[in-house]
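Data first, discussion second: the structure below is written as structure tokens.
The values are calculated or read from the model by the stated rules, or taken from the named source; none is laboratory data. If you're wondering where the values come from, they're calculated on a predicted model, not measured in any experiment. Neighbour counts are summed over all protein chains in view; Cβ atoms, including those assigned to glycine, are modelled from backbone coordinates with ideal geometry. Keep in mind that these areas ignore ligands, DNA and RNA; they rest on the heavy atoms of the full protein, side chains included. Shrake-Rupley method; radii C 1.70, N 1.55, O 1.52, S 1.80 Å.
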Amino acid sequence: MKRRKFLFYGTIGMAALSIPMSCQNFKDVVYDPNLAQAESLSMIWDTETIIEIGTHYRKLVPDENRERTLVKLLEETDFGERIKEDFENGQTIMIDGWILSITEARQCALFSTVNHQ
Amino acid sequence: MHTDSRTLSDNSIIEGDICIIGAGAAGICIALDWINTPFKVILLESGGFEYDDEVQDLYKGKTTGQKYFPLKSSRLSLFGGTTGHWAGMCSPFDPIDFIERDWVPNSGWPISRKDLDPFYARANDKLKLGPYNYTLDFWQKEVPNLNPFPLDESIVWHKMWQISPAWGFNGGLSTFYKEDILKAKNISLYTYSTVVDIKANENVTNIEHVLAKNHTGKSINIKAKHFILATGAIQNARLLLASNKQAPKGLGNDNDVVGRYFMEHLEIQTSELWLFKPFLTDLFNPFFENPKLWCELAISEKVQIENRILNGTAGLSPLSTARHTKPRIETWQNEDPRKSVDNLLRHWDEAATLAESENHGAISRAFEFQTRIEQAPNPDSRVTIGPELDELGMPRANLHWALTELDKRSIREVNQIIGKQIGRSGIGRVKLKEFLQDEKDNISWPEGTNGGWHHMGTTRMSNDPNKGVVDANCQVHGLNNLYVAGSGCYPTAGAPNPTLTLVALSLRLSDFVKNRIS
């Protein structure tokens, strides 16, 4: 192989190797861990249940199956108010029989992305 | 005055002005209403004053369709009737229960809640209840610490019950009224008098007499100017269907309505309520701790209309106990009602004992909802008579209990509505049981689908004889002097237990007959 071509193909190869590593860097989303703490639910559920519910949510709503997406949906939220509004406005979801606010379901989903069973 | 009919001569003839057939809640309350009138009242009771298994056996019959309790043990045949097993729970029907709802086929009563209100007040007295007031506001002034959940009452409200001291644990209405009936000069009670046939005149427009029998082989003929059937929804239908020598389809059954539209209250464990923090209230105390009042969460009329659902309420019991409690449809399967009661109560005690060690932490703030909901009127849910005869030669009653998709969808939505309002209030979360989680499944029912032993609808009211057995006054269509008292007359089942309403309706009927006979 001629050197230019090698360098060209090598560059492509390097890019091919480095792109996943760059994606790895994007995966490390930085956010306030409280976003993933469904405070009220933790009074009645253990960690396992929160993860289970969160995992179910992500299956039910595949568009929100990524940590980054969930963080964006939950950032800058007054959770107490938002959860109450969810129930008032019919923004609820049933997961494993539980009638939940969308916001708290997303919190569980976010928690489950970083705390797999 | 009391006579044990077993002591009478065969083919005795008894005459009176009015004959009340059945001495349960309806029959006794009507009889009481006639004390000190100038009329002679004959009150017939199939059993005696104590349980008699030979008489009780007359109630045996087959059940098909949705699993049900044995017919022999789901009612009591003795003076006082099924109040001998009664939980005493009393609450009036809601106004919506009386109106025609376009999403509930065959709904609508020919009378309104307002028509019944004066009689509800009288029924309250007869059942030894407190003031005729079923609002939470009133009872909060009477009893401390009845704190309701902070819910939007325009969506989910707190419906109140009063518990009658004439409940089964006190011996039922027999305890309170036996002496009054026996001492009344114009009331003649005949025990061991099972009515097996009703005889009309040649044109089948008037009842001339009824034929009663007992296990001695003797017959008694009872003549009166007016006859009131008060033997319960299943037995009333059975008697009309079996009285078929002059009317081949049975008396009052020219249009094939007698026995149809059998309704129960579905009473099913439907969801769990988990509170985030302890909620201080005596409003939802366990049943036996506060035997005067009871409260359940109810769905407002506006929300029922918006969602096109049936009327139902949800009562709470501690989850730690509920998890160990088998459904009543399982524990009440002995044909002997005494054994069924024993099984039920023993099982409850066992469940409570098992729960003691588990009632800590989050579960100590958790409850199970039991939803009691009306069943949609369904003509295929019905009482019929079969070829098998009982000891007195009367065809036995059979029950085919059938439910509809509206029943299941309604139960699910009642619990979802409650779940959303609980969530909105911030006090906790609700989890629906598995059988309600698939919103596409409105057909299958869990093993623990209970009825409440509330038998309704088999001789329903309608001004149209094609749609009802009795008219708005509970008079049988086409028969001048035959009436039906009791919950068999209900076109729809309402949300609460039927006894207060059936006594109110019976007192209304009593007034009607008094006006006619005067």
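Averaging over all projection directions, the Cα-based convex hull of the protein assembly as shown occupies 35.3 nm² in the image plane.
Evaluating 6.51 cos²θ - 1.76 cosθ + 1.60 at θ = phi - 60° for every residue in the range A:77-84, the Karplus couplings come out as 10, 8, 4, x, 5, 4, 5, 4 Hz, glycine and proline recorded as x. Evaluated over the range B:396-518, the count of Lys pairs having alpha-carbon atoms less than 27 Å apart is 10 (only pairs 8 or more residues apart or interchain). Using C-alpha pairs below 8 Å separated by at least 6 residues, the relative contact order for the range B:429-505 is 23 percent. In loop segments of the range A:76-117 as defined by DSSP, the GluC sites (Glu not before Pro) with at most 15 further C-beta atoms inside 10 Å of their C-beta are A:E76. Taking packing as the residue-averaged number of other Cβ atoms within 10 angstrom, the listed peptides B:235-245, B:165-175 run from highest to lowest as B:235-245, B:165-175.
Counting Cβ atoms of other protein chains within 10 Å of each residue's Cβ and taking the mean over peptide A:40-50 gives 3. Using a simple spin-label model with pseudo-atoms 7 Å out from Cα toward Cβ, B:K440 and B:E356 lie 4.8 nm apart. May I ask you to work out the translational diffusion coefficient for the range B:59-120 at 37 °C, viscosity 0.692 mPa s, via Stokes-Einstein with Rh from the Kirkwood sum over Cα pairs, reported in whole µm²/s? Approximately 218 µm²/s, per Stokes-Einstein. Each principal axis of the Cα atoms in the range B:48-196 has its own extent, and those three values, largest first, are 53, 41, 30 angstrom. Each Lys and Arg contributes +1 and each Asp and Glu -1, all at the Cβ; summed about the Cα centre of the range B:142-263, the dipole is approximately 700 debye. Relative to one another, the C-alpha centroids of the range B:140-179 and the range B:437-506 are positioned 23 Å apart.
Screening chain B for DSSP H helices whose Cα atoms reach 27 Å or more along their own axis and whose mean Kyte hydropathy is at least -1.0 gives B:337-356, B:405-425. The packing ranking, built from the mean of other Cβ atoms within 10 Å per residue, places the peptides B:428-436, B:456-464, B:494-502 in the order B:494-502, B:456-464, B:428-436, highest first.
The residues packed around B:G171, meaning those with a beta-carbon under 13 Å from its beta-carbon, carry a net charge of 0 if Lys and Arg are +1 and Asp and Glu are -1. Counting Cβ atoms of other protein chains within 10 Å of each residue's Cβ and taking the mean over peptide B:412-425 gives 4.
Seen through its C-alpha gyration tensor, with square-root eigenvalues sorted a ≥ b ≥ c, the range B:199-268 comes out oblate because a/c lies at 1.5 or above while a/b is not bigger than b/c. The alpha carbon gyration tensor of the range B:452-517 gives principal lengths a ≥ b ≥ c with a/c of 1.5 or higher and a/b no greater than b/c, which makes the shape oblate. Highest mean packing first, where packing is the average number of other Cβ atoms within 10 Å per residue, the peptides B:248-257, B:25-34, B:330-339, B:476-485 line up as B:25-34, B:476-485, B:248-257, B:330-339.
Computed per residue of chain B from DSSP H runs no shorter than four, each worth -39500 (n - 2.57), the mean residue ellipticity at 222 nm is -7500 deg cm²/dmol. Would you mind counting up the charge near B:G315? Only other residues with Cβ under 11 Å from its Cβ, with Lys and Arg at +1 and Asp and Glu at -1. That works out to -1.
Within the protein assembly as shown, antiparallel bridges make up roughly 70 percent of the DSSP beta bridges whose residues both belong there. Loop-located chymotrypsin sites (Phe, Trp or Tyr not before Pro) in the range B:79-154 (DSSP state other than H, G, I, E, B) with a sparse environment of at most 15 neighbouring Cβ atoms within 10 Å: B:W103.
What does the charge add up to near B:K223, with Lys and Arg as +1, Asp and Glu as -1, over the other residues with Cβ less than 15 Å from its Cβ? Computed value for this residue: -1. Straight-line cross-link partners of B:K60 among the lysines, defined as a Cα under 26 Å from its Cα and at least 8 positions apart when in the same chain: B:K72, B:K199, B:K213, B:K218, B:K245, B:K249, B:K326, B:K339. Decide, for the range B:100-147, between rounded, prolate and oblate: order the square roots of the alpha carbon gyration tensor eigenvalues as a ≥ b ≥ c, take rounded if a/c falls under 1.5, and otherwise choose prolate if a/b is larger than b/c, else oblate. Since a/c reaches 1.5 but b/c is at least a/b, the shape of the range B:100-147 is classed as oblate. A DSSP coil position with no more than 16 other Cβ atoms inside 10 Å describes the following chymotrypsin sites (Phe, Trp or Tyr not before Pro) in the range A:28-117: A:Y31. For B:K277, the solvent-accessible surface with a 1.4 Å probe is about 130 Å², rounded to the nearest 10. Peptide A:82-95 is shielded by partner chain Cβ atoms: per residue, an average of 3 of them sit within 10 Å of its Cβ.
Size of chain B: Rg and Dmax of its alpha carbons, in Å, are 22.5, 73.
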